[in-house]
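The values are calculated or read from the model by the stated rules, or taken from the named source; none is laboratory data. Quick caveat: nothing in here was measured; it's all calculated off a predicted structure. Neighbour counts are summed over all protein chains in view; Cβ atoms, including those assigned to glycine, are modelled from backbone coordinates with ideal geometry.
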Amino acid sequence: MVELAPLPLVIAANLFVGKPWAQSGATLVAGSAVAAVAVFGLADLAGLPVLSPALGAQARFALDAGQVVTAVAAAGFLLRPIRRDVAMFAPIDPDHPVHTLALVLATLLLGTQVTSIVFTDVLAADLSQPPLSLLDLLTDMLPLLIVGVAGVGLFVRRDVATAAGRLGLVRPRWWHIVLALAAAGVFLALGQASDVLSQSFSPDLARRVATTTHHVFGALNNPLGIAALALLPGICEEVLFRGALQPRLGLLATAVLFTSVHTEYGLSFDTVAVLVLALGLGLIRKYANTTASCCCHVSYNLLVGIGLAGAMLNVVYGTAVLLVAVAAYAVWSDRRNRVQAPAGN
């Protein structure tokens, strides 16, 4: 599984924490990832058949150049002065090996994904692949969960309880769940609005996105598949992006990174909707916890998978409005109680 490729580097970086040679070790492991991406692009530029031969010369050159530029950008985070500058607006420790690796890997992922989206026809590429099976979904999502829990040092620097706390996987309060369900309904409405805008302003692209989406997920259009599409991404993506990465990269950077990995929508209104969803999930993580963002993500995916319409859709919207009101009151009441509570001794 390609998604597990960073796992040895993540484990090594965690092992380096607290060692006198931590920074040297972090530079070595993060630098190896940078070198791999750079060599990949340079090798293809040199004529080695690394990328698909179906790509045209212009697309191949753009992808290769993008790989090299991405590697150069990521290499900048190997330098402590640059990490120190980043630490002025992002919650990272410039001397922490895991934080160094996180910056480098996030930059490599973002750069390669954006290059692919901009310079290739990702919709056509998805149509050329077989439909997603339950096993495919499992092998795509589980590595995200594994890398996420490994990134916070499970069984290396933290036990299960402290790793769960670092990831934000804690017992939610009742209003956290209400907030998550309310947000899922709001996100569903935003998704519907995105579809309307897409149909109005870019109908051809909207048809292509719909065709690709149906092809990719069509084999999972059954109760088990819908449940898997709700649970696996809703849990695994949240653990990695909102649980592990957001407390280090910040809300906006994590949302952009999350959006970049959803290439099945190309450059469309749906991509903007994914960004809005990512920002919303990030806010839930920030002001509640990752358990609540998981609940929201799973609920949203389930609503989309079921494909509600007509009266049932109106019921969902009405329920969401009610839940928003309840959640707003709960947040206001919680903050008021905290302000009025006497200070501890």
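Asp270 versus (1) over 28 Å from Ala327 (Cβ atoms); (2) under 18 Å from the mean Cα position of the chain (by Cα); (3) acidic (Asp, Glu): which is the lone unmet condition?
Here Asp270 clears every test but (1).
Tally time: how many residues in region 27-37 are surrounded by fewer than 19 Cβ atoms within 10 Å (Cβ to Cβ) and among the aliphatic types (A, V, I, L, M)?
Matching residues across region 27-37 total 3.
Among the candidates Ala278, Ala325, Ala330, single out the residue that is in contact with a helix residue (DSSP H, G or I) (Cβ under 9 Å, 6 or more places away or on another chain), more than 22 Å from Leu231 (Cα to Cα), modelled with pLDDT of 85 or more and assigned to a helix (DSSP H, G or I).
Among Ala278, Ala325, Ala330, only Ala325 is in contact with a helix residue (DSSP H, G or I) (Cβ under 9 Å, 6 or more places away or on another chain), more than 22 Å from Leu231 (Cα to Cα), modelled with pLDDT of 85 or more and assigned to a helix (DSSP H, G or I).
Quick one: would you say Ala206 is surrounded by 21 or more Cβ atoms within 10 Å (Cβ to Cβ) and part of a helix (DSSP H, G or I)?
no
Among the residues of region 181-203, write down those that are part of a helix (DSSP H, G or I), polar (S, T, N, Q) and more than 26 Å from Ala292 (Cα to Cα).
Scanning region 181-203 gives Ser198, Gln199, Ser200.
Residues are listed down the side, and each one gets a yes or a no for (1) among the aliphatic types (A, V, I, L, M); (2) assigned by TED's automatic domain parsing to the domain that holds Cys236; (3) out of contact with any Phe, Trp or Tyr (no Cβ under 9 Å at 6 or more places or on another chain):
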residue	(1), (2), (3)
Pro6	no, no, yes
Ile11	yes, no, yes
Val17	yes, no, yes
Gly25	no, no, no
Ser32	no, no, yes
Ala46	yes, no, yes
Val50	yes, no, no
Gln58	no, no, no
Asp95	no, no, yes
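List, please: which pairs have Cβ atoms under 7 Å, are six or more places apart or on different chains, and start with a residue in region 1-25 that is surrounded by 15 or more Cβ atoms within 10 Å (Cβ to Cβ) and end with one that is among the aromatic types (Phe, Trp, Tyr)?
Close Cβ pairs (under 7 Å, with a partner that is among the aromatic types (Phe, Trp, Tyr)) amount to Ala22/Phe16; Gly25/Phe16.
Please tell me if Leu135 is surrounded by 14 or more Cβ atoms within 10 Å (Cβ to Cβ) and either of a type outside the set (S, T, N, Q) or touching a Leu at 6+ places or on another chain (Cβ under 6 Å) (or both).
Judged against the criteria, Leu135 is not a match.
Consider Phe89 carefully, then state whether it is over 20 Å from Glu237 (Cβ atoms) and not in a helix (DSSP H, G or I).
In short, yes.
Picking from Val239, Val272, which residue would you name as being farther than 26 Å from Val160 by Cβ and touching a residue at least 40 places away in the same chain (Cβ under 8 Å)?
Val272
Which condition number in (1) modelled with pLDDT of 90 or more; (2) in contact with a helix residue (DSSP H, G or I) (Cβ under 7 Å, 6 or more places away or on another chain); (3) under 20 Å from Ser299 (Cβ atoms); (4) surrounded by fewer than 21 Cβ atoms within 10 Å (Cβ to Cβ) is the one that Asn221 fails?
Condition not satisfied by Asn221: (2).
Those residues that are within 16 Å of Leu181 (Cα to Cα) and touching a residue at least 12 places away in the same chain (Cβ under 8 Å), I need them from region 323-340; list them, please.
Scanning region 323-340 gives Leu323, Val324, Val326, Ala327, Ala330, Val331.
With respect to Leu79, determine if the residue is under 19 Å from Ser24 (Cα atoms) and either touching a His at 6+ places or on another chain (Cβ under 7 Å) or without any contact (Cβ under 8 Å) to a residue 40 or more places away in the chain (or both).
Here the answer is yes, as Leu79 does meet what is asked.
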